[in-house]
Amino acid sequence: MFTKIISTSESVMLDKFQHIVDQKFPFLRDSKLYLAISGGKDSITLSHLLLKSNIQHTLLHCNFKLRGKESDEDEIFLSDYAKKNKLEFHVNHFDTNQIAADQKLTIQECARKLRYDWFRTFLDENENSYLLTAHHLDDSIETFFINLFRGTGFRGLSGIPVFVNKIVRPLSDFTSDEIYQYLGANQIEYRKDSSNIENNYLRNKIRNTFLPSVLEMEPEFQSKMAILFDEMTQLKNLVENEVDKFKSTSEKSENNKLIYELNEIKNLQPFFREQVFRSTGIYRKNEPEFSKFLTAETGAQFYTDSHHFLIDRSNLVVIPKANSHHDLFALIHSLPLTASCGNQTISFSKKSDFELVKNNSTIQQLDSAEIILPLTIRKWQPSDKIQPLGMTGKKLISDILIDKKVDRFDKENCLVLFDAENKMLCLIGFVVDERFKITSNTKEIIEIKGLGQQR
């Protein structure tokens with residue numbers, strides 16, 4: 001259905017909008033802009049304001065096929081609107097119900113993921129591009145209460161971000177009432193979403209029932225919330241700056257690991273410690289358990305969905321899970337060759353003209369006379385043994401790594417090299433087997449050179 005609002009009142013929204021653009025987002029006038037448009041009052045208002053401000057933009061519309069005929073009529077309405085205003089228009093169709101079922105997501109979660117994944121494809125095409133959404137002050141207030149009712153930290157109380165990750169929300173300072181007044185003053189048609197009047201979702205209950213009663217008690221509630229959002233955003237920025245300062249002085253990066261001095265982490269306030277490690281999966285719900293872990297003995301581990309934590313003597317070591325469980329395996333049929341194995345890159349070459357290299361952990365040399373190709377690289381296993389240089393018997397790889405004080409994370413990525421007869425040649429980067437050492441009779445060698453970590 002179409003709704004047409006007629007009003008004789010004069011709207012001042014355009015002047016306010018242009019002032020906000022000039023003060024906060026002047027770059028929008030010289031950028032490639034995409035507008036996420038549904039056809040509803042908010043996104044149509046934003047498009048109209050952009051047109052009145054001579055700011056070109058491309059319309060992006062998602063047809064989620066959730067409201068039958070209404071969804072298709074929204075698309076037709078927007079197609080006509082784009083033609084009338086000479087705007088580029090893109091639409092994408094989704095079988096949202098089926099995708100949500102397949103991915104075990106709620107309809108709302110699925111629709112959000114689908115639209116932002118699609119929007120991102122446009123932003124990735126042009127470095128100087130931005131996505132505009134029509135979220136306004138009332139949307140932020142609704143989000144505030146949704147987060148509050150569900151339980152949130154201070155970050156969830158700052159409203160919807162005005163500008164983040166190339167997404168700009170120029171209507172964040174406007175209320176829903178201001179938008180209605182603008183539509184009326186300019187006699188602008190827009191589409192109504194019938195699902196917005198149903199109270200099946202928490203947001204609709206807050207919008208249709210809770211907030212009207214709050215505004216009845218306190219007419220200035222929206223302006224007071226705007227002040228709170230501004231203060232909470234400043235607080236969030238302050239905390240993030242302090243976290244950055246702490247990391248710049250206390251965080252060391254080594255072979256894709258983050259290393260901290262354990263006592264320094266222990267002495268942090270729990271709230272600040274949570275902020276430091278948020279990106280590695282530490283939140284309010286698991287921070288108490290994480291605090292207890294920090295008092296454990298060396299070798300103790302703590303796991304989040306994304307990272308492993310290890311207490312290594314006086315250090316706290318953090319490594320992404322994705323980099324600690326590579327299927328490390330390579331088969332070498334001929335030399336020279338550079339092999340990528342897990343997150344390591346290693347070169348193998350044969351040399352008849354060589355000099356013996358000693359005490360260099362990045363270069364190992366083997367007498368090639370008794371070595372039969374192909375060579376196999378794999379992760380070491382608990383039962384693996386090698387005969388270290390100068391020894392008459394074999395020793396467990398695990399014991400060698402302990403002797404060399406290799407932490408648990410690096411242990412997981414250590415590699416061993418075998419020949420075609422399953423003879424262990426070396427623990428790469430650490431130990432060469434006594435049977436394949438360089439002697440005065442060696443005529444040709446296999447040289448193994450570590451080229452470092454892949455990023």
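Observations on the structure shown:
- Across the stretch 173-213, the qualifying residues are those that are part of a loop (DSSP other than H, G, I, E, B) and in contact (Cβ under 8 Å) with a residue 40 or more places away in the chain, and the one among them that is nearest to Thr106 (Cα to Cα) is Tyr201.
- Remark: Phe145 falls outside the filter, which requires a residue to be on the phi < 0 side of the Ramachandran plot and within 20 Å of the chain's Cα centre (by Cα).
- The stretch 374-420 - residue that is within 24 Å of Ile259 (Cα to Cα) and among the basic types (Lys, Arg) and, of those, surrounded by the fewest Cβ atoms within 10 Å (Cβ to Cβ): Lys405
- Subset of the stretch 114-170 (residues that are among the acidic types (Asp, Glu) and either in a loop (DSSP other than H, G, I, E, B) or touching a Ser or Thr at 6+ places or on another chain (Cβ under 6 Å) (or both)): Glu127, Asp138
- Taking the stretch 241-331 as the region of interest, the helices (runs of 4 or more DSSP H) fully inside it that hold 1 or more residues being exposed (fewer than 14 other Cβ atoms within 10 Å of the Cβ), modelled with pLDDT of 95 or more and at negative phi are 262-266, 270-276.
- Matching residues, the stretch 26-42, being part of a helix (DSSP H, G or I) and over 27 Å from the mean Cα position of the chain (by Cα): Pro26, Arg29, Asp30, Lys41, Asp42
- Pairing each residue of the stretch 84-98 that is closer than 28 Å to Asn54 by Cβ with any residue that is of a type in the set (Gly, Ala, Ser), provided the two are 6+ apart or on different chains, yields C-beta distances under 6 Å for Phe89/Ala82.
- Exactly one residue out of Ile141, Ile160, Ile167 is within 17 Å of Pro212 (Cβ to Cβ) and surrounded by 16 or more Cβ atoms within 10 Å (Cβ to Cβ), and it is Ile141.
- Checklist (1) part of a loop (DSSP other than H, G, I, E, B); (2) surrounded by fewer than 17 Cβ atoms within 10 Å (Cβ to Cβ); (3) touching an Asp or Glu at 6+ places or on another chain (Cβ under 9 Å) applied to Asn54, failing item: (3)
- The one condition from (1) surrounded by 12 or more Cβ atoms within 10 Å (Cβ to Cβ); (2) free of Cβ contacts under 8 Å to residues at least 60 places away in the same chain that Pro219 does not meet is (1).
- Annotation note: of Leu66, Leu35, the sole residue that is among the aliphatic types (A, V, I, L, M), modelled with pLDDT under 95 and in contact with a Ser or Thr (Cβ under 7 Å, 6 or more places away or on another chain) is Leu66.
The values are calculated or read from the model by the stated rules, or taken from the named source; none is laboratory data. Remember, predicted model here, so these are calculated numbers, not experimental data. Every residue, glycine as well, gets a Cβ built from its backbone with ideal geometry; the counts of neighbours run over all protein chains shown.
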